[in-house]
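Structure record follows, encoded as structure tokens.
The values are calculated or read from the model by the stated rules, or taken from the named source; none is laboratory data. Model, not experiment: these values are computed from the prediction. As a convention, Cβ positions derive from the backbone with ideal geometry for all residues, glycine included, and neighbour counts pool all protein chains shown. Note: areas computed on protein heavy atoms with side chains; ligands, DNA, RNA excluded. Shrake-Rupley method; radii C 1.70, N 1.55, O 1.52, S 1.80 Å.
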Amino acid sequence: MTDAPALPRRFYEAVSVVENDGGFGVALDARTLRTPGGAVFVSPTRALAEACASEWAAQGEQIIPTSMPVSQFAFATLDWTVKNREQLVDYVTAFGETDLCCHRADAPSDLRAKQAVYWDPIVAWATETLGVTLPVVTGIIAARPGPQMLASLRQHALALDDFRMTALSQATGLAGSVLIGLALVRGKLTPDDAFNAAALDNLWGLEKWGEDDEARARLVREQAEFQAIGRFLGALG
């Protein structure tokens, strides 16, 4: 078994927000913050730059990337999203065929009822607000949304700027639902609402069958990810 790579040591003292290329950047002492891909970090809002700067300022003797989720989302935008928008749009649109909110359990009845309480409003919101109606099915039957619905989902994704596109792809993959992803990005759901909808089946299982340390730890991590996406979106304004 190979040793994990050593974390880089903190090489700066002061962290500040600076105006940069028509946006806002972060300076580590006199150095301009760059992404792992080498791009100069440029934020469209001061609030996002400040959120990233706070993460860098909070580092100790070593720099721990996983403790800076907002910075990681911003870096992903600048290094990946701007170059691969079509691929990400295809990725989130494909969830329209397997969306979590549209695939319901056969039984037991209390799980079915909980799914309806949490997921029906999201499906209805998509119809009323987005003009996207995805079929709701039971059991292992595959949903078959029409091409017009998938095309509409695609247009909603394409309409997002690069930073919100990153948030949508992260939330959609985490939830297994493009409807939850869009509802979070557009402010219909809070991060905790999105987590509760996405983790509904697993949360129900813990309530029904008892606590499991590994399953609970996984859910805690997922909730923290939704909250980080929420902070990232909030900093975009």
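Observations on the structure shown:
- Number of residues in the stretch 38-93 that are among the acidic types (D, E) and under 30 Å from S152 (Cβ atoms): the value is 3.
- Identity of the residue in the stretch 60-69, surrounded by 15 or more Cβ atoms within 10 Å (Cβ to Cβ) and out of contact with any strand residue (DSSP E or B) (no Cβ under 9 Å at 6 or more places or on another chain), that ends up farthest from D29 (Cα to Cα): P69
- Top-ranked residue in the stretch 151-160 [being touching a residue at least 24 places away in the same chain (Cβ under 8 Å) and either under 12 Å from V92 (Cα atoms) or out of contact with any helix residue (DSSP H, G or I) (no Cβ under 7 Å at 6 or more places or on another chain) (or both); ranked as surrounded by the most Cβ atoms within 10 Å (Cβ to Cβ)]: L153
- Any hit, the stretch 18-27, residues being of a type in the set (S, T, N, Q) and within 25 Å of F226 (Cα to Cα): no
- Complete set of residues in the stretch 1-14 that are modelled with pLDDT of 85 or more and either open to solvent by less than 40 Å² (accessible area, probe 1.4 Å) or in a loop (DSSP other than H, G, I, E, B) (or both): A6, L7, P8, R10, F11, Y12, E13, A14
- Restricting the stretch 44-59 to residues that are in contact with a strand residue (DSSP E or B) (Cβ under 8 Å, 6 or more places away or on another chain) and of a type in the set (A, V, I, L, M, F, W, C), the residue that is surrounded by the most Cβ atoms within 10 Å (Cβ to Cβ): L48
- Evaluating L168 against the criteria (1) touching a residue at least 12 places away in the same chain (Cβ under 8 Å); (2) surrounded by fewer than 21 Cβ atoms within 10 Å (Cβ to Cβ) leaves one unmet condition, (2).
- Within the stretch 194-223, tally of residues that are within 30 Å of V42 (Cα to Cα) and either of a type in the set (S, T, N, Q) or free of Cβ contacts under 8 Å to residues at least 24 places away in the same chain (or both): 2
- Filter result for I141 (in a loop (DSSP other than H, G, I, E, B) and farther than 30 Å from D79 by Cβ): yes
- The condition (being of a type in the set (F, W, Y), part of a helix (DSSP H, G or I) and buried (at least 24 other Cβ atoms within 10 Å of the Cβ)) is satisfied by just one residue among F163, F195: F195.
- Taken over the stretch 75-112, the criterion of being open to solvent by 30 Å² or more (accessible area, probe 1.4 Å) and part of a loop (DSSP other than H, G, I, E, B) is satisfied by W80, N84, T98, D106, A107, P108.
- Residue in the stretch 131-141 that is open to solvent by less than 20 Å² (accessible area, probe 1.4 Å), among the β-branched types (V, I, T) and in contact (Cβ under 8 Å) with a residue 60 or more places away in the chain present: no
- Considering the stretch 200-237, and only residues there that are acidic (D, E) and at pLDDT 95 or above, the residue that is most open to solvent (accessible area, probe 1.4 Å) turns out to be E225.
- Residue in the stretch 25-32 that is crowded, with 18+ Cβ neighbours inside 10 Å, aliphatic (A, V, I, L, M), over 19 Å from F163 (Cβ atoms) and within 17 Å of the chain's Cα centre (by Cα) present: no
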